[in-house]
Amino acid sequence: MSAYDGVVQELIDELGQLPGVGPKSAQRIAFHILSTDTERVQRLATALTEVKARVRFCEICGNVAEEARCRICRDPRRNPALLCVVEEAKDVVAIERTREFRGRYHVLGGAINPIDGVGPDDLRIRELMTRLADGEVEEIIIATDPNVEGEATATYLTRMLRPMGLTVSRLASGLPVGGDLEYADEITLGRAFEGRRSIDV
């Protein structure tokens with residue numbers, strides 16, 4: 001049985017469908033919206049409808065864009081020989097914040113996850129292979145998440161890409177600064193061992 005009547009419960013139910021928003025958070029957000037002035041709520045509603053109407057996925061890399069191509073694919077200063085493969089568009093934003101990478105991207109649209117029924121054919125791997133056909137790309141940096149699904153995806157891609165004569169690298173990952181060994185999972189610890197470096201005194 002619903003706790004609230006009509007549209008209030010409908011709003012809570014819809015908010016509860018958002019990732020990371022549980023029932024209590026959905027209720028808090030709903031009541032925040034109810035207590036906010038109409039003009040601000042209208043701005044939120046406009047932003048939601050506008051983003052659905054205007055934003056699409058880049059025809060080249062799969063990143064979010066308001067035109068056929070995203071700003072990174074349109075930028076002639078980016079190095080076309082370097083291609084960073086990520087799972088989601090939000091990963092592009094995270095890497096761009098570092099200001100370390102000046103190549104281009106390819107967004108897969110997820111990771112291989114047999115439990116959820118996501119296989120290689122459900123990702124933008126075919127589009128990746130098409131991009132590599134002209135021989136412009138020399139190095140592929142695989143930047144999938146350091147979890148079981150990300151590792152499976154990285155392994156699958158590496159097996160496909162190595163025979164093409166490309167340099168295939170994987171983002172280093174390991175223990176976070178300030179973290180404790182006892183709280184690290186086995187994948188993180190394993191990657192930390194793989195990526196160990198000699199210490200120059």
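The values are calculated or read from the model by the stated rules, or taken from the named source; none is laboratory data. Fair warning: this is a prediction, and the values are worked out from it, not measured in the lab. Here the Cβ positions follow ideal geometry from the backbone for every residue, glycine too, while neighbour counts run over all protein chains shown.
Applying a threshold of 8 Å to beta carbon distances and a minimum spacing of six or more residues, or different chains, the list of pairs starting in the stretch 65-79 at a residue that is more than 20 Å from LYS90 (Cβ to Cβ) and modelled with pLDDT of 95 or more and ending at one that is surrounded by 12 or more Cβ atoms within 10 Å (Cβ to Cβ) and among the small types (Gly, Ala, Ser) reads ASN79/GLY103. The condition of being within 20 Å of the chain's Cα centre (by Cα), surrounded by fewer than 12 Cβ atoms within 10 Å (Cβ to Cβ) and more than 20 Å from ARG124 (Cα to Cα) holds for only one of ARG97, ARG77, that being ARG97.
One residue stands out in the stretch 1-19 among those that are in a loop (DSSP other than H, G, I, E, B) and modelled with pLDDT of 90 or more: the one that is surrounded by the fewest Cβ atoms within 10 Å (Cβ to Cβ), namely GLN17. Annotation note: Cβ proximity below 9 Å between a residue of the stretch 10-23 that is under 19 Å from LYS90 (Cα atoms) and a residue that is in a helix (DSSP H, G or I) (sequence gap 6+ or interchain) occurs for LEU18/SER25; LEU18/ALA26; LEU18/ILE29; VAL21/LEU15; VAL21/ILE29.
When residues in the stretch 25-59 are screened for being of a type in the set (D, E, K, R) and either in contact with a helix residue (DSSP H, G or I) (Cβ under 8 Å, 6 or more places away or on another chain) or surrounded by fewer than 10 Cβ atoms within 10 Å (Cβ to Cβ) (or both), 3 of them pass.
Regarding THR144, is this residue farther than 16 Å from ASN63 by Cβ and either in contact with an Asp or Glu (Cβ under 8 Å, 6 or more places away or on another chain) or not hydrophobic (A, V, I, L, M, F, W, C) (or both)?
Values: farther than 16 Å from ASN63 by Cβ: no; either in contact with an Asp or Glu (Cβ under 8 Å, 6 or more places away or on another chain) or not hydrophobic (A, V, I, L, M, F, W, C) (or both): yes.
No.
Please tell me if GLU149 is assigned to a helix (DSSP H, G or I) and of a type in the set (D, E, K, R). Walk me through it before giving the result.
Details: assigned to a helix (DSSP H, G or I): yes; of a type in the set (D, E, K, R): yes.
It is true that GLU149 is assigned to a helix (DSSP H, G or I) and of a type in the set (D, E, K, R).
Out of ILE95, ILE33, report the one residue that is within 29 Å of GLU10 (Cβ to Cβ) and outside any loop (DSSP other than H, G, I, E, B). Give the steps one after another, and end with the answer.
Working: ILE95 fails: within 29 Å of GLU10 (Cβ to Cβ).
Step by step, each of ILE95, ILE33 is checked, and only ILE33 is within 29 Å of GLU10 (Cβ to Cβ) and outside any loop (DSSP other than H, G, I, E, B).
Which ones in the stretch 85-102 are within 15 Å of GLY62 (Cβ to Cβ) and of a type outside the set (D, E, K, R)? Across the stretch 85-102, the qualifying residues are VAL85, VAL86, ALA89, VAL92, VAL93, ILE95.
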